[in-house]
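The values are calculated or read from the model by the stated rules, or taken from the named source; none is laboratory data. In this text, all values refer to a predicted model and were calculated from it rather than measured experimentally. We place every Cβ from the backbone using ideal geometry, glycine too, and count neighbours over all the protein chains shown.
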Amino acid sequence: MFRTLARPLLASAFAVDGAQMLLNSNEYAEDAKAINGTLRSVLPQDKAGLIPDDAETTVRVVGTTKVVASALLATGKAPRLAAATLAAVQIPTALSRHAFWNASNGAERKEEIRGLVTDLALLGGLVITSADTAGKPGLKWRAQQAMPGKTEQQKMLENAQTQSKAFAANASDQAQGFFAKTKEVAGQVQEKVADYVDEHQDEWKETAENLRERAAEFGDQASDYAQSAAAKAQDAWDDFDTEGLKKDVQKATKKSRKRAQKAQKQAQKRAKKAQKQAQKRFK
């Protein structure tokens, strides 16, 4: 209720002032010209160009701003924004209207100081209104409440650390289990290979021995065959007197001997090869 009465009372002073500036803009042109010059000297060049060259235009803009902002403040529509806007406009207005340092005599100086203090008092009211939340929490308080406190932050940190440690321990256990399983499987494979070798070792030895015996037997047979062929050739040689036949027999004898020798060598090579293969299997 107090805000409903206080806001229109505070806004009334700025509403009347803004209306007077709109109706009598030429009366405030000198003060506006001084303000424009000061602002152009203070603001950057790109911003100084926004200030109107015509002093009366500046007066109308400020007057319109005061009327609109005071209406919003009086009706309670965006009162904090309206109060902040009026405060921003009130500062240059008060300094330009009550320049007591330019007073020509003591009475005028006192009057200007009194007017400046009054405007500053209104400025104080505007500042308080711009910060008034009407009993509702401000944005700063809401932001602080939305953020977790130190205790909650500490709990969240502890929970994160606990979860990280649990995850690391679980990963370590899984890795150790995998290595143990791999070692176990490797041991089983090694045992099966060793058992297989032990089971077939005698069989492989017997096979190698048979191969060696067969190779030796084959070599003996080849030697006997060669000797028999040579004897038959010699007998044939002795039985026939024909010169041409003797030559044929000699050639056949030579071929038989060569074939017998070749067969014997091959038999010996096969025997040695079979013996080497058998030795490699048992190493």
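Descriptive notes on the structure:
- Residue match in segment 154-167 (condition: at pLDDT below 70 and either within 30 Å of residue 79 (Cβ to Cβ) or outside any loop (DSSP other than H, G, I, E, B) (or both)): no
- Residue satisfying condition, being in contact with a Gly (Cβ under 9 Å, 6 or more places away or on another chain) and either loosely packed, with under 12 Cβ neighbours inside 10 Å or not assigned by TED's automatic domain parsing to the domain that holds residue 100 (or both), within set 23, 50, 5: 23
- Subset of segment 92-102 (residues that are surrounded by 14 or more Cβ atoms within 10 Å (Cβ to Cβ) and in a helix (DSSP H, G or I)): 92, 93, 94, 95, 96, 97, 100
- Those residues of segment 190-210 which are modelled with pLDDT of 70 or more and closer than 29 Å to residue 260 by Cα, in sequence order: 207, 209, 210
Conditions (1) assigned to a helix (DSSP H, G or I); (2) basic (Lys, Arg); (3) surrounded by 12 or more Cβ atoms within 10 Å (Cβ to Cβ); (4) modelled with pLDDT under 80, marked per residue:
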residue: 104; (1), (2), (3), (4): no, no, no, yes
residue: 113; (1), (2), (3), (4): yes, no, yes, no
residue: 119; (1), (2), (3), (4): yes, no, yes, no
residue: 127; (1), (2), (3), (4): yes, no, yes, no
residue: 188; (1), (2), (3), (4): yes, no, no, yes
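Residue-by-condition table, conditions (1) farther than 20 Å from residue 127 by Cα; (2) surrounded by 15 or more Cβ atoms within 10 Å (Cβ to Cβ); (3) modelled with pLDDT under 85; (4) polar (S, T, N, Q):
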{"position": "32", "(1), (2), (3), (4)": "yes, yes, yes, no"}
{"position": "44", "(1), (2), (3), (4)": "yes, no, yes, no"}
{"position": "65", "(1), (2), (3), (4)": "no, yes, no, yes"}
{"position": "83", "(1), (2), (3), (4)": "no, yes, no, no"}
{"position": "87", "(1), (2), (3), (4)": "no, yes, no, no"}
